[in-house]
């Protein structure tokens, strides 16, 4: 049987591991005898491609043609890339996918292709070590990766000729390696600070079941940020003569120097060094650990919020252990921070650089063999999946931290009379308004038979598979018209990334909520007013002029409130209109029932709000209990 | 009556696996969230029992067990595991469980409208909102905590009331509206708790 492999496709370094004949997970030596393959790809003008340490060495000299930290660009659309990530690269953002111009401008590659080069290299080494082509493969992703980023990773695997059995969340992989190694039981936190991403997951380990209770993080936070702030300081203070606009080569070399200095300060108290930079520049460095820590403290502090949120979402006050993952957790300041956050000494028995790959290998091996009786991973989706409703508000369909695979269906109806199409806008994120969430896909359900508003029944179903990838289908129930799409993101975030979304969802929570209510009640007000106008036209004779005038007065009040910004006022007026038209509604009901016993439903405008979203998932927004 | 898709054996009842050839089977039309977990269709559940069954079933149904199986088995495992996770999510939360029971009884009360007419509750809602607004305006963290705590007490009381309703053997004819009204109120308290927490968090920053 071919042997399955596990791959940790990291921002800074990538690794491949497998479970050996003696049933132990092992990382394979890959790059110049070391297990860590730098996630660097160099494209030469003649078409040659260099991967790993050799490529990284070329980075200062050939900065534009050497792609580092490509993971930050995965699943990103045009306009999606953060300014600080753009660095020195040249982007082509004319198509639906971002491309990088490399090879002296001769070639344009997508981040998926760049990642595939790294994966291909790992695959080749695994094949060399095994003496045959590897079997299935598990690739790890940050737990906090959204649908688009997961899709991109899976595509890269396929492009590299790998049989991707599963995408596995990095903290879950680490917990798997750790839990099996230590036979751990209880509630654990995995604090994963890598080169470019931060993830924190809370898991319950019980008799071989690894159940993820919650996850949080920031897809733009990691060791790279330490290097960036340090490089800025070095350039500002370490040069004999200040330069205004350092070239890409100088920047690269400075960042590389910053990384080495930071790593040295993990064990040393101070560093004194002279660093040669391109263009004849020379950097004089004199730095203590305390100075470095003061510099990176703000970056480290950004892990606090997501960690607290994850603990709260998991409803645990205390954990039995904290597992450290990612090279950046070697930093003494980070360890102190973790100790303070969790009130205990973190576990460091396993190498934070390799633990994810080891876990991936264990999972790959299990999958290849049709699962293990003694191990079960139950993972969750990191961000809620929803659909944009009338007025731009998001109706969440599957809530974050739901165990995957998961599905949910929600009923919707048409808003206008004779409406034959419905735009389904699929979004991911926690914010109340669709424009603040990540847009995953947009499609139109067509062919709804013309009916009065509110009669058509459209069902939208979301299904998330075990990789955390979404499939959406929409169905019109009266005709059975069905449309199904695999969500392939057409474009991504404006500028905010997932992390930004979460941070903002907390910062803007109140403003969102009242804005959301206001929109909803305005939509409802519109519906009532137009339903009443229709009713006056059809059954105006059922009212005396005095009754009619009283209702008109209420409608005028409602309209005035709708023009304002106080949703409570709109709501109060709606209730007042409802009360004033109750009698009218009853008379109409009687008239129509008498007229036609055919079972047609009368528009009950005196009833409470619209059948826009339904039931089950509304309830689901509450806390479980 | 069903036939196994693989060995064509006749099955009396829908089961996850064919008793004869052990191949995974599609979810039957008659299976609901309770039967999927092998539990009686009732409001009262033992949380530990739900968890235990969920884990046992997950072990055999999870797509991890079928990663190398043929396409049809992979699809069926995904379908079963998805339904199992959905069932677990519904049954462990009393609100979802109650709403689901109402739906199974043929009264999808929430289908008729997003909010539920509850005029008596309106005044109380306004009081909560006002208390919240005052606490926020004063930047009064402890008051927000107290509001959330009070809302949690109301939720606990509602849960007990809903449980009592379901104890009545005629609940599906007599008490559907009482239950639905309480679920609607529970949703309101859930929102209060979430809002109070967010407001509290924004005070800290």
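Quick notes on this structure:
- Subset tally (residues that are away from chain A (no Cβ under 13 Å) and part of a helix (DSSP H, G or I)) for segment B:159-176: 10
Listed here are the residues, each with its yes/no results for (1) within 30 Å of residue A:412 (Cβ to Cβ); (2) modelled with pLDDT of 85 or more.
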| position | (1), (2) |
| --- | --- |
| B:111 | yes, no |
| B:131 | no, yes |
| B:182 | yes, yes |
| B:198 | yes, no |
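- The lone exception for residue B:132 - which of (1) within 23 Å of residue A:567 (Cα to Cα); (2) surrounded by fewer than 16 Cβ atoms within 10 Å (Cβ to Cβ) it fails: (2)
- Flag if residue A:511 is modelled with pLDDT of 85 or more, surrounded by fewer than 19 Cβ atoms within 10 Å (Cβ to Cβ) and part of a helix (DSSP H, G or I): no
- All of (1) more than 12 Å from chain A (Cβ to nearest Cβ); (2) modelled with pLDDT of 90 or more; (3) over 30 Å from residue B:201 (Cα atoms) hold for residue B:120 with one exception: (2).
- Counting the residues of segment A:357-382 that are more than 19 Å from residue A:211 (Cβ to Cβ) and more than 10 Å from every other protein chain (Cβ to nearest Cβ) gives 4.
- Per the listing A:176, A:213, the residue uniquely in a strand (DSSP E or B) and within 14 Å of chain B (Cβ to nearest Cβ) is A:213.
- Residue B:164 vs. criteria closer than 19 Å to residue B:102 by Cα and in contact (Cβ under 8 Å) with a residue 60 or more places away in the chain: no
- Across segment A:118-164, the number of residues qualifying as in contact (Cβ under 8 Å) with a residue 24 or more places away in the chain and part of a loop (DSSP other than H, G, I, E, B) comes to 12.
- Wholly within segment B:27-115, helices (runs of 4 or more DSSP H) carrying at least 1 residues that are in contact (Cβ under 8 Å) with a residue 40 or more places away in the chain and facing another protein chain (nearest Cβ under 7 Å): B:71-92, B:94-104
- The residue pairs whose first member lies in segment B:186-205 and is facing another protein chain (nearest Cβ under 8 Å), whose second member is at pLDDT below 90 and outside any helix (DSSP H, G or I), and whose beta carbons are closer than 6 Å, counting only pairs six or more residues apart or on different chains, are B:187/A:622; B:190/A:622; B:190/A:623.
- The conditions of being at pLDDT below 90 and either on the phi > 0 side of the Ramachandran plot or not assigned by TED's automatic domain parsing to the domain that holds residue A:179 (or both) are not met by residue A:52.
- Residue satisfying condition, being modelled with pLDDT under 95 and under 15 Å from residue A:211 (Cα atoms), within set B:89, B:65, B:72: B:89
- In the set (1) without any contact (Cβ under 8 Å) to a residue 60 or more places away in the chain; (2) in a helix (DSSP H, G or I), the condition left unmet by residue A:253 is number (1).
- Being away from chain B (no Cβ under 14 Å), in contact with a helix residue (DSSP H, G or I) (Cβ under 8 Å, 6 or more places away or on another chain) and closer than 19 Å to residue A:26 by Cβ holds for only one residue in A:133, A:129, and it is A:133.
- Residues being surrounded by fewer than 18 Cβ atoms within 10 Å (Cβ to Cβ) and under 16 Å from residue B:62 (Cβ atoms) are represented in segment A:360-370 by at least one member.
The values are calculated or read from the model by the stated rules, or taken from the named source; none is laboratory data. Here the structure is a predicted model, which means the values were calculated and not measured. Quick reminder, even Gly has a Cβ in these numbers, built from the backbone with ideal geometry, and neighbours come from all protein chains shown.
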